[in-house]
Amino acid sequence: MAKLVPALVSRLVIIIPYAWLLFFFLVPFFIVFRISLSQTAIAMPPYTPVFDLAEGLSGILASMRAFSADNYVWLTEDVLYFNAYVSSIVIATVSTFLTLLFGYPIAYGMAKAPGSMRPMLLMMVILPFWTSFLIRVYAWIAILKPEGLLNQFLLAIGIIDQPLIILNTNSAVYIGIVYSYLPFMVLPIYSALEKMDHSLIEAAQDLGCTPIKAFWRVTFPLSIPGVIAGCLLVFIPAVGEFVVPDLLGGSETLMIGKTLWNEFNSNRDWPVSSAVATILLLILVIPIVYFQNVQSRVDGEGR
């Protein structure tokens, strides 16, 4: 009996995350995938066929025979969706690179700071999460608009002669995404740098490496797991971002999140919007699988 209790506890610890994954990811995904195989209808819900559980298994099987892949064929025929996917990936990639460009020095400075200052610096990075994401994006409208704070400041110090047009452009989208997701880049990199054995830097310098060379030969390679984790935490939500491009982007800003919103709410075409969401999920699975493979190789080399 004494041996049975620890075994049950260990299995319970494993079951809880798998149950969470089942009910809050797999089940909703299969519901969305099932709707993507349906046809649009003027009804509630706005698609057919609808499972009728009252008819039992026979009713479910009869409904499944009416499933069709027409929505996926439609996505391949309309260039709008292809452009939206490509534009989303490009914007997310550039935003991830910019976030890494700004986030790595911040994380490096935090890791190099005295131990007594690190909690305060960490709190400053986390502090924006205490404010609503929507409010923070709206604040950028007041900053970036032609008569906003940024243009007023640049005009006051004489850098520009007329207001810059930043709002409703892709530049505003980049600024909004970088600002919003910067903590997701800083925290994993900081965690990797903080755990690093700094005696390795001293050993590299004793062997003749300059500080810059020691950084590229020792520090940066050891922080790669944190860099990869941070890039994924930024890239994955940025691809499907809706709020930032909708509020800060213009009419020419084409992202799959806005397209998905329009199909689901404006057009009320749930089957097509479900197909768009399913393909988006499959696209995002690729970097996740890549990260898992890299992490497995790193763990294997560590052993």
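For the chain, what number results from the quotient of the Cα radius of gyration and 2.2 N^0.38 Å?
Normalised Rg, Cα atoms only: 1.27.
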If the convex hull is drawn through the Cα atoms of the stretch 113-269, its volume per residue in Å³: 174
Neighbour-count order for 11, 268, fewest beta carbons within 10 angstrom listed first: 11, 268
Cα-based helix-to-principal-axis angle, 270-302 vs the chain, degrees rounded to 10: 40
0 to 90° range, to nearest 10: angle between helix 27-36 axis and the chain longest Cα axis: 60
From phi via Karplus (6.51, -1.76, 1.60), per-residue ³J(HN,Hα) for the stretch 235-252 in Hz, x at Gly/Pro: 5, 4, x, 5, 4, x, 4, 10, 5, 4, x, 6, 8, 9, x, x, 5, 8
Where a label projected 7 Å from the Cα of residue 203 along Cα→Cβ would reach, residues of the stretch 214-230 with amide N under 13 Å: 218-219
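Pairs of lysines 8 or more apart, or on different chains, with alpha carbons under 23 Å: count those in the chain, would you?
4
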Relative contact order (%) - the stretch 77-302, alpha-carbon pairs under 8 angstrom, separation at least six: 29
0 to 90° range, to nearest 10: angle between helix 133-144 axis and the chain longest Cα axis: 60
Highest-MSF residue in the chain out of 174, 85, 18 [GNM, Cα springs under 10 Å]: 18
Low-density loop cleavage sites - GluC sites (Glu not before Pro) in the stretch 133-225, where at most 15 other Cβ are within 10 Å (DSSP): 147
Using a Förster distance of 41 Å, the FRET efficiency for residue 152-residue 268 (Cβ separation, nearest 0.05): 0.45
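All of the numbers you see were taken from the coordinates with simple rules; none came from a lab. Please read all numbers here as calculations on a predicted model, not as lab measurements. No Cβ is skipped: glycine too gets one built from the backbone with ideal geometry, and neighbour counts run over all protein chains shown.
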